[in-house]
Every structure is written in C-alpha cells, then in structure tokens.
Amino acid sequence: MLNANSQRELTSTEVTAIKECVKEYRAEIEAKFPNQLLREDVLDLLEDYCKVVNGLTARIMNYGGVILSLDIPDKNGNLLTFVFINTAQTLEKQIFTAAHELGHIWRVDGYVAEKCNEKVDEELSEKIMNRFAAELLIPEEVFQELYNREYDSLKEETGKITLANMLKVIVSLMNQFCVPEKAIVMRCFELHKISAKSKDIILGETEEAKRAIDQRIKEIIRDNGYIKFQNPTNKKYITDYPVLLEQAGRLGTIAQDKIDNIRKTFEMEKKETQRKMDDLID
C-alpha cells in the first residue's frame with residue numbers, strides 16, 4: 001500500500017517513535033526469525049497475529065491488503081482478525097503489504113499518537129504504516145552498508161551516478177530486501193541518499209516518464225534473473241480456514257450460503273475440509 005502522495009512528511013519525532021516501536025518488537029522477531037532480513041518471513045510473522053487470507057477478492061482488487069473482522073470464532077470462541085493479501089500482486093509487494101498490515105494489527109499509529117501527543121487521522125496512519133514497514137523490512141544499518149557497496153561499484157569518477165546506474169542499484173536492493181521499487185526509492189530519500197527531486201524523477205514525474213522508468217526496471221530485473229519480481233503468485237490459501245469454516249457452520253455463526261461462497265472463492269472442496277477435520281481429531 002505504497003500510496004503516500006500527500007505533501008505532509010512525517011516529523012522527526014514521529015519517525016523516532018516508529019523506530020522505537022520496531023525496536024521494542026525486534027528481540028521477539030529475531031527469536032523466531034534469526035535472519036538479518038525478514039524478507040518472506042514477514043508473511044509467517046503476520047500469521048502469528050491473525051489469519052492471513054491469500055487470494056484475490058473484489059474488496060482488495062485495487063489494494064495490497066485489507067483487515068477485516070469476520071464472524072468466525074477460534075476454538076476459544078474469540079472472533080478472529082483476518083488480513084486479506086492480494087496475491088495478484090508480485091511477491092515483493094505482498095511482503096510490503098504484510099508488514100504494513102502488521103503495523104495496523106500492532107497499532108503502531110496509536111503508539112506514535114501517544115508518544116507524540118497528537119491525533120492521527122487515516123492519511124497520517126497510512127504514512128506511519130508505510131514507514132513502519134520500511135523500518136521493519138529495510139533496517140537502516142543494513143541498508144546503508146548494501147547501498148554504499150552497490151553505489152560505489154557503479155558511480156562515476158566524479159562520485160555521482162547516472163540515472164541508468166541508479167536504477168541498477170535500486171533493483172539490486174529490491175532483490176536483497178525483497179521489497180518493491182518504491183519502498184527502496186523512499187528509503188533512499190528518507191536516509192538522505194537522494195534528493196526530493198531525484199526521488200520524483202525515479203518515481204516518474206509524468207505518466208510517460210513513469211512508463212519509461214518502469215520498463216527499464218523490468219529489463220534490469222529480467223537481465224539479472226530476478227524471476228520473483230515479474231509474476232504474481234496468485235495463491236489462494238488460508239491457514240486452517242477449512243477447519244474454521246466447518247466450525248462456524250456447526251455453531252451457526254455464518255450462514256451456510258456464505259460458507260459455500262467462501263469455499264467456492266478459495267476453491268475449497270468440502271471433502272478437503274472433512275479430511276483436515278479428521279487430521280485435527282487424530
């Protein structure tokens with residue numbers, strides 16, 4: 001959900017609060033995922049706090065993801081929180097979406113509001129979640145090291161870099177952190193690697209310029225064999241969802257026609273649900 005086009009930038013106090021929030025969770029995260037970078041692991045991390053629905057629905061067709069509360073209880077009768085991930089998008093976009101939605105579940109905007117003694121509206125909340133996702137997936141210290149290495153290998157004798165080579169740096173960092181192009185460009189800007197003008201140039205000042213930049217990035221991705229960036233995963237999967245649907249049907253918390261529609265949407269056979277129920281009992 002990288003859609004922050006507002007003129008209002010986050011303040012240094014807000015950014016500091018976001019960094020503190022990430023730091024508070026870092027030890028817990030590293031205990032489960034010891035790798036230096038989260039990358040795809042953020043999808044598993046999200047599963048620890050909600051039910052992740054991998055698939056494409058009309059509700060999220062134009063978005064990376066959305067959080068919904070559905071009338072489906074867990075085994076203790078508590079209603080579950082569901083995060084829908086749009087798998088029509090490529091993997092790196094799904095990863096950033098997962099981190100963004102995790103920020104909503106952890107109520108990072110509330111943390112920032114309390115620390116900064118301010119009200120956070122929806123627009124500011126989205127900016128906070130995008131920065132949170134960046135801090136979580138693209139740690140500053142690691143980014144600085146990798147960026148400097150890539151930049152130094154491609155810079156001119158003057159110390160500056162051409163746009164063509166800067167795009168190579170961006171794609172290489174996309175691959176290493178497994179995040180979208182815009183996340184890397186914004187990180188470069190946030191950490192003062194590029195100016196606001198350069199950021200706008202790379203992101204495309206006009207539709208025509210954006211198409212040209214996007215085309216060149218696709219070519220670099222193809223030339224380097226970064227296959228994961230070229231195709232959507234189109235997965236349709238929900239952890240333990242067949243079991244939950246069966247349970248909701250027995251308890252009568254969801255109408256049978258709605259259950260049948262969900263099964264159809266995610267291509268679930270009733271026999272698969274029964275098999276998983278049997279496995280759970282055994």
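In this structure, does residue 69 turn out to be among the hydroxyl-bearing types (Ser, Thr, Tyr) and modelled with pLDDT under 75?
The answer is yes for residue 69.
Can you confirm whether residue 123 is of a type outside the set (Lys, Arg), modelled with pLDDT under 95, assigned to a helix (DSSP H, G or I) and more than 15 Å from the chain's Cα centre (by Cα)?
So residue 123 passes the test.
Could you run through segment 94-110 and say how many residues are in contact with a Cys (Cβ under 9 Å, 6 or more places away or on another chain) and either surrounded by fewer than 19 Cβ atoms within 10 Å (Cβ to Cβ) or without any contact (Cβ under 8 Å) to a residue 40 or more places away in the chain (or both)?
3
Test residue 91 against the criterion of being touching a residue at least 60 places away in the same chain (Cβ under 8 Å) and surrounded by 13 or more Cβ atoms within 10 Å (Cβ to Cβ), and give yes or no.
When the stated conditions are applied, residue 91 passes them.
Evaluate the following for residue 264: is it surrounded by 14 or more Cβ atoms within 10 Å (Cβ to Cβ), under 21 Å from residue 53 (Cα atoms), modelled with pLDDT under 80 and of a type outside the set (S, T, N, Q)?
no
If I ask for residues that are assigned to a loop (DSSP other than H, G, I, E, B) and at pLDDT below 80, which ones from segment 72-100 would you list?
74, 75, 76, 77, 78
Sort out which residues of segment 174-220 are under 21 Å from residue 134 (Cα atoms), touching a residue at least 40 places away in the same chain (Cβ under 8 Å) and assigned to a helix (DSSP H, G or I), and write them in order of number.
174, 175, 176, 177, 182, 183, 184, 186, 187, 188, 190, 217
When segment 111-150 is examined, which residues are found to be of a type outside the set (Asp, Glu), within 20 Å of residue 190 (Cβ to Cβ) and free of Cβ contacts under 8 Å to residues at least 40 places away in the same chain?
Listed by number, the residues that qualify are 120, 125, 146, 148, 149.
Restricting attention to segment 132-170, which residues are of a type in the set (Lys, Arg) and at pLDDT below 95?
Selection gives 155, 160.
Which residue, of 148, 117, 175, is surrounded by fewer than 21 Cβ atoms within 10 Å (Cβ to Cβ) and within 28 Å of residue 84 (Cβ to Cβ)?
Just one listed residue meets the conditions, 175.
Restricting the first residue to segment 26-47 and requiring it to be in a helix (DSSP H, G or I), which pairs with a second residue that is surrounded by 11 or more Cβ atoms within 10 Å (Cβ to Cβ) and of a type in the set (Asp, Glu) meet a Cβ separation below 7 Å and a spacing of at least six or different chains?
From segment 26-47, the pairs are 46/101.
The values are calculated or read from the model by the stated rules, or taken from the named source; none is laboratory data. Bear in mind the structure is a predicted one, so any value in this text is a computation, not a measurement. Reconstructed Cβ throughout: ideal geometry from the backbone, glycine too, with neighbour counts over all protein chains shown.
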